[in-house]
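Presented below is the structure to which this report refers.
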Amino acid sequence: YLATKHLIDCGHKKIGIICGELNKTTARTRYEGFVKAMEEAKLTINPSWVLEGAFEPEDGYECMNRLLAQEELPTALFCCNDVMALGAISAITEKGLRVPDDISIIGYDNIHSSRFYAPPLTTIHQSKSRLGAQAVNLLFERIANKDNDSHEKHRIAIHPELVLRKSVRTLE
């Protein structure tokens with residue numbers, strides 16, 4: 001949601017997404033955030049600009065090549081993780097196009113190398129250490145209450161943060 005909202009706030013209306021396999025929770029929830037932001041802004045989701053792959057750079061590269069083969073292109077793209085964004089940027093560059101001049105890209109995960117991409121990747125940071133700490137606390141709680149047969153699901157919520165770099169341009 002935050003990634004797509006940022007693209008919309010930068011003036012983008014034609015936005016695509018390269019997501020992970022939608023049968024996986026992580027990919028599904030990131031896709032749902034994309035849909036929510038688009039619907040809130042009353043923007044149309046072009047089904048041709050919704051591409052699905054695994055969370056690998058090769059998938060970002062292949063999906064981006066499929067997108068670039070289309071007649072009409074989005075002005076911006078949300079890649080559901082940073083390594084798929086790296087693959088997408090590579091495909092864009094090979095076609096003689098430039099990020100963010102021709103297509104803006106935003107990723108997710110804020111991996112260490114994302115700041116060294118060309119251009120440095122605007123991304124979403126989600127604290128792995130806070131997530132790990134909450135998971136450990138939940139585990140200790142379950143161990144302490146092991147006699148309790150209730151194995152109710154717990155959702156761990158970590159609030160993501162936008163990391164602004166150079167891969168998204170503001171449209172006039």
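Where residues in the stretch 52-71 are without any contact (Cβ under 8 Å) to a residue 24 or more places away in the chain and within 16 Å of K14 (Cβ to Cβ), which of them is most open to solvent (accessible area, probe 1.4 Å)? First the steps, then the outcome.
Filtering the stretch 52-71 for residues without any contact (Cβ under 8 Å) to a residue 24 or more places away in the chain gives 66, 69-71.
Then keep just the ones that are within 16 Å of K14 (Cβ to Cβ); that gives 70-71.
Numbers: Q70: 52, E71: 193 Å².
Filtering first and then ranking leaves E71.
Could you list, in sequence order, the residues of the stretch 22-49 that are under 12 Å from the mean Cα position of the chain (by Cα) and either closer than 14 Å to L77 by Cβ or buried (at least 16 other Cβ atoms within 10 Å of the Cβ) (or both)?
Of everything in the stretch 22-49, those that are under 12 Å from the mean Cα position of the chain (by Cα) and either closer than 14 Å to L77 by Cβ or buried (at least 16 other Cβ atoms within 10 Å of the Cβ) (or both) turn out to be A27, R30, Y31, G33, F34.
Counting only residues that are modelled with pLDDT of 95 or more and on the phi > 0 side of the Ramachandran plot, give me the helices (runs of 4 or more DSSP H) lying completely in the stretch 1-111 with at least 2 of them.
Output list is empty.
For (1) under 21 Å from the mean Cα position of the chain (by Cα); (2) at pLDDT below 80, each residue gets a yes or a no:
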residue	(1), (2)
Q126	yes, no
A133	no, yes
H151	no, yes
R155	yes, yes
H159	yes, no
R165	yes, no
L171	yes, no
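The values are calculated or read from the model by the stated rules, or taken from the named source; none is laboratory data. Everything numeric in this text was worked out from a predicted model, so none of it was measured. Every residue, glycine among them, receives a Cβ derived from its backbone with ideal geometry; neighbour counts consider all protein chains shown. In case anyone asks, the SASA skips ligands and DNA or RNA and just uses the protein heavy atoms, side chains included. Shrake-Rupley method; radii C 1.70, N 1.55, O 1.52, S 1.80 Å.
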